[in-house]
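Heads up: the structure comes next, in structure tokens.
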Amino acid sequence: MTVRNTVAYVVDRGIELAADRPVELHFVDVARTRAVDPDAQAELGAASDLLDRIELWVEEDTGGETPENLTVITDVIGANQYLFSPSDYADVLLEYADDKDIDRIVLDPEYSPGGSVPMLRPLEFELARDDVEIEQAPVDRPTEQTVLARAASFRKYLTVFGASYLFYMLLSSWKPIDFATGFLTAALVAVLLAPIAFSEQPSFGRIGKQTIRMLIYAPYLLKEIAVANLQIAYVVLHPDLPIDPEVVELRAAVWGDAAVTTLANSITLTPGTLTVSVTDRSFSIHSLTAGAREDLFEGGLERAVRFVFYGRDAAAIATPRERGDDGGHSDG
Amino acid sequence: MVEFSTALLAIAGAFVIFAVVALYRVFVGPTIHDRVIAVNVAGTNTVIAIALVAAAFDESTFLDVALVYALLNFLLSIAFSKFNVERGGVL
Amino acid sequence: MTPVEWAIVALALLGAFFGGVAAIGIVRLPDIYTRAHAASKSDTLGAVLTIGAVAFALQSDLSTVKSIFLIVFMFITNPTAAHAIARAAADQDIEPWTKEDDS
């Protein structure tokens, strides 16, 4: 955690500058949850906890007595906005900076709002479009952390262990020896793989809900898959090969690794569309026919995936077309 | 009258033929990706053929072979597309 | 054969039809991306139908569970593999085939 050192650095600089002129230090955390997310309350709570700790640290660093013309303000921003890409974060930060006449933004070098998506560098780049000074706090990073391997919690170990034990037992013949070997194998798998298995803390309630909604989603997906295959069969067996392929861009309103993966795979399985590449939430999609492109921007699939992962409220977000995304045809 | 297991074996044979048809694309290419995706299709068809053979001979252990083959098939596609791209990051 | 067995064979035949579509598509379609369409969609459905038939044919709990695993696995891996390959192709700047190329 380099946040502590970043705060120390900012306070140091603040005290230095405060010798000449009044200085306001703003510590802000950008809320990364959306109001529709069921975890929003918990995460907003975590954000204000962090800010409370920062206030304590600031007191520590100033030795308890804040210099006269140094003001410290903490704030959570972006809580009610729809944030996904680095440019969205930059928008929120710059708007705040503009509002409060801030002329220098210091970023924590380990700030990674996008979960497992590397975000700091693009964020810095996006912030640079305004004339605010940007820097990363020059603090020593304790260890070079790779995003893949995070310290796993007990719950992660338990989830991975349980899942692999179950899988092993389902494939075994239920002799006593199988229980023993299964236990050993599952323990080995859990020790080796739990640190990389989840990007977020697994929550059993949430997984349960998503599984149930996934079961509602399955028939819809199956119908789409059936249509897709009849279409492919028609196209492939037609003597003239009536195709009109084109690559289109879709900015989908889903977030989180699992949801993006599900949407990408669903797009691939449904009529005439194939996900070629995904960056953040921008999908590059190869479509086989013009009709397939129409369906894509009607957003039925996207809505269904949102329903699976975030519940019914989130399904009501506007379709890609209503959001003004008509594909931005990248080439013809 | 056709025997049930014979019918299943015949369909398995059809899938083997499809795999061979896909091998044509492996042979002519033209890019490495065409070959990989054709190998993937051939592999999937092999998995299906193994499963059908399992059903025809009523040997459920053959399904384990199919499962492992499916895993290897997936791994092959991913590994190829990953290591074939210089800058990586496909996974 | 009993009616149930006829139904199983019919299901497997339907799967074989889509497997055939995938194989023909791989050969006929003009470029890597369109071929990936055939590989991901038709082959997945072909696999799911046929392995579903196998699940009904092998009447033991264990092999039904294994078949379902195989089906779920196909559902996840086939599109992912097609996506990985298409993306690798896109990373190497292989241009998608368009109607204008055809002449």
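Filtered by the rule that a residue be surrounded by fewer than 23 Cβ atoms within 10 Å (Cβ to Cβ) and within 7 Å of another protein chain (Cβ to nearest Cβ), the range C:88-97 gives C:Ala90, C:Asp91, C:Gln92, C:Ile94, C:Pro96, C:Trp97. When the residues of the range A:275-298 are filtered to those that are in a strand (DSSP E or B) and more than 15 Å from A:Ala228 (Cβ to Cβ), the one that is modelled with the highest pLDDT is A:Ser284.
Entry remark, the range C:28-46: residues being of a type outside the set (S, T, N, Q), crowded, with 24+ Cβ neighbours inside 10 Å and facing chain A (nearest Cβ under 8 Å) number 7 in total. Screening C:Ile71, C:Ile85 for residues that are touching a residue at least 12 places away in the same chain (Cβ under 8 Å) and buried (at least 24 other Cβ atoms within 10 Å of the Cβ) leaves exactly one candidate, C:Ile85.
Condition check ((1) within 15 Å of the chain's Cα centre (by Cα); (2) closer than 18 Å to A:Val236 by Cβ; (3) part of a helix (DSSP H, G or I); (4) more than 7 Å from chain B (Cβ to nearest Cβ)) across all residues:
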site: C:Glu5; (1), (2), (3), (4): no, no, yes, no
site: C:Ala16; (1), (2), (3), (4): yes, yes, yes, no
site: C:Gly52; (1), (2), (3), (4): yes, no, yes, yes
site: C:Val72; (1), (2), (3), (4): yes, no, yes, yes
site: C:Ala86; (1), (2), (3), (4): no, yes, yes, yes
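Residues in the range C:16-72 that are touching an Asp or Glu at 6+ places or on another chain (Cβ under 8 Å) and aromatic (Phe, Trp, Tyr): C:Phe18 only. Put simply, of A:Ala304, A:Ala318 the only residue that is under 27 Å from A:Arg213 (Cβ atoms), more than 16 Å from the chain's Cα centre (by Cα), at pLDDT 70 or above and surrounded by fewer than 23 Cβ atoms within 10 Å (Cβ to Cβ) is A:Ala304. Taking the criterion of being among the hydrophobic types (A, V, I, L, M, F, W, C) and in contact (Cβ under 8 Å) with a residue 60 or more places away in the chain, the only residue of the range C:1-48 that qualifies is C:Ile32.
Per-residue answers, yes or no, for (1) over 26 Å from C:Ala12 (Cα atoms); (2) surrounded by 22 or more Cβ atoms within 10 Å (Cβ to Cβ); (3) small (Gly, Ala, Ser):
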position	(1), (2), (3)
B:Ala7	no, no, yes
B:Ala12	no, yes, yes
B:Thr31	yes, no, no
B:Ala55	no, yes, yes
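Consider the range C:54-70 and keep the residues that are out of contact with any helix residue (DSSP H, G or I) (no Cβ under 7 Å at 6 or more places or on another chain) and part of a helix (DSSP H, G or I). The one that is modelled with the lowest pLDDT is C:Asp61.
The values are calculated or read from the model by the stated rules, or taken from the named source; none is laboratory data. Not measured: the values here are computed from a predicted model. Counting neighbours? That spans all protein chains shown, and the Cβs are built from the backbone with ideal geometry, glycine included.
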